[in-house]
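Derivation of every value follows stated rules applied to the coordinates shown; laboratory data play no part. For clarity, every value in this text was computed on a predicted model and none was experimentally measured. Neighbour counts are summed over all protein chains in view; Cβ atoms, including those assigned to glycine, are modelled from backbone coordinates with ideal geometry.
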Amino acid sequence: MARIDLDLAHSYQKVVHSDADYALLPLNICFEDGGAYALLGPSGCGKTTMLNIISGLVTASHGTVQFDGVDRTRDTPQQRNIAQVFQFPVIYDTMTVGENLAFPLRNRKVPAQQIKQRVGQIAEMLELSAFLDQRAANLAADAKQKISLGRGLVRPDVSAVLFDEPLTVIDPHLKWELRRKLKEIHHELGLTLIYVTHDQVEAMTFADHVLVMARGRVVQQGSPADLFERPRHTFVGHFIGSPGMNLLPVQCRADRSLWLGRQALEGAQALSLPEGSLTLGIRPEYLQVHAQPAADTVPATVQWVRHLGTSQLLSAQVQGLNIKAHLPVDAPAPAAGADIHVTLLDAHTCFYQNEELIP
């Protein structure tokens, strides 16, 4: 395994005129040895470009890639000793499952007994032991992708294992199981894993460290809890969560009063907020809903309530703005058009200026 340091930017264009010409804006990131990381963001945000620069499939147009302090910017994937698992299965259909798993080790002339032991270990982890003698061509797409995962994990000497949306072809019912398996494998083998996905559930359940990307830059890096509790950018608040954070425009006046439209938010004077236009952020999980007026609440009107199985999702309007709140599954559901009162200010409320979190 290796510590990987990126200090670079990348553009696919020869001449760069503006930030819009960069696939990756200038960044400085460290992936620690043995860590489990996820690159999370929408299509086109630069996450696959970053992964391919780490692997050596793409050479950064500016800056360096270092493995354990050694400059690897111009090295090939083979020289970097990287294993990469792609979106779709990359296997040999004419080989058996066992032969596919053994192939990366045989290429490196690993002794036969070590190959047998390692293949058996990885096959057991991925629940492929019963299929070792079957030809890969006869297996379903999800089983083939398991083989691809196994080929990436089978070499114990790699600098890192990179995953580019590897669960795309997997049946939704099996995705959770495979994410759990990858987590177990990471803890057991201590591999450095970097996982690209646009699915926040995959990122939050797989990785110890998540890098949220938007428009070619990393807007926040942290644990899943950090990203949920204290998003440092409004994009992270909106992108993480189901639904995402409620983001409401507010105005902080010179007398330190805080206004949402024509509604003053009681209790805001105790907050140390800069004067001017701000954004209030509160997650649906923390938005408190009251049937009657209470201290520090604001009036709202119910639009609809939907039962989600483990909770209820309420949509309402406050000062003409849409908000969402999660209600307990057994709570009485207010009818559409009903008047309710919501608490917008509590310990979980965040404030943003120019999209950045106010400390």
Would you tally the net charge around Gly98, using a Cβ to Cβ cut-off of less than 10 Å, leaving Gly98 out, and scoring K and R as +1, D and E as -1?
-1
Is the shape of segment 201-310 best called rounded, prolate or oblate, per the rule: a/c under 1.5 gives rounded, else a/b larger than b/c gives prolate, else oblate, with a ≥ b ≥ c the square roots of the Cα gyration tensor eigenvalues?
oblate
Decide, for segment 4-234, between rounded, prolate and oblate: order the square roots of the alpha carbon gyration tensor eigenvalues as a ≥ b ≥ c, take rounded if a/c falls under 1.5, and otherwise choose prolate if a/b is larger than b/c, else oblate.
prolate
The set of residues whose placed amide H lies less than 5 Å from the amide H of Ala214, leaving out same-chain residues fewer than 5 positions away, is Val219
Choose one of Pro299, Leu278, Ala347: the residue whose Cα lies farthest towards the positive end of the charge dipole of segment 204-356 (beta-carbon charges +1 Lys, Arg; -1 Asp, Glu; about the Cα centre).
Leu278
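Can you put Asp255, Asp93, Asp5 in order of Cβ neighbours within 10 angstrom, beginning with the fewest?
Asp255, Asp93, Asp5
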Using a Gaussian network model of the chain with C-alpha springs under 10 Å, which one of Asn100, Asn81, Asn322 is most mobile by mean-square fluctuation?
Asn322
Using the crude model of +1 on Lys and Arg Cβ and -1 on Asp and Glu Cβ, and no other charge, please compute the dipole size for the chain relative to its Cα centre, in debye to 20.
860 debye
So, with points 7 Å from each Cα along the Cβ direction, the Leu308-Asp255 label distance in nm works out to 3.9 nm
Calculated from DSSP H runs of 4 or more alone, at -39500 (n - 2.57) each and per residue, what is the 222 nm mean residue ellipticity of the chain, nearest 500?
-7000 deg cm²/dmol
What distance in nm separates the simple spin-label points at Asp208 and Ser223, each placed 7 Å from Cα in the Cβ direction?
1.1 nm
Each residue of segment 19-26 in order: what ³J(HN,Hα) in whole Hz does its phi give by Karplus 6.51 cos²θ - 1.76 cosθ + 1.60, θ = phi - 60°, with x for Gly and Pro?
4, 5, 7, 8, 7, 10, 6, x
Under the definition of Cα pairs under 8 Å and six or more residues apart, what whole-number percent is the relative contact order of the chain?
15 percent
Using amide H atoms built 1.01 Å from N in the peptide plane, name the residues 5+ places from Ala160, or on other chains, whose amide H lies under 5 Å from its own.
Ala83
Potential lengthening between Thr168 and Ser277 on full extension [0.36 nm per residue; Cα-Cα distance subtracted]:
35.1 nm
For the chain, modelled as a GNM with alpha-carbon contacts under 10 angstrom, which of Tyr37, Tyr12, Tyr195 fluctuates the most?
Tyr12
Once you charge only the Cβ atoms, +1 for Lys and Arg and -1 for Asp and Glu, what is the size of the charge dipole of segment 14-141 about its Cα centre, to the nearest 20 debye?
400 debye
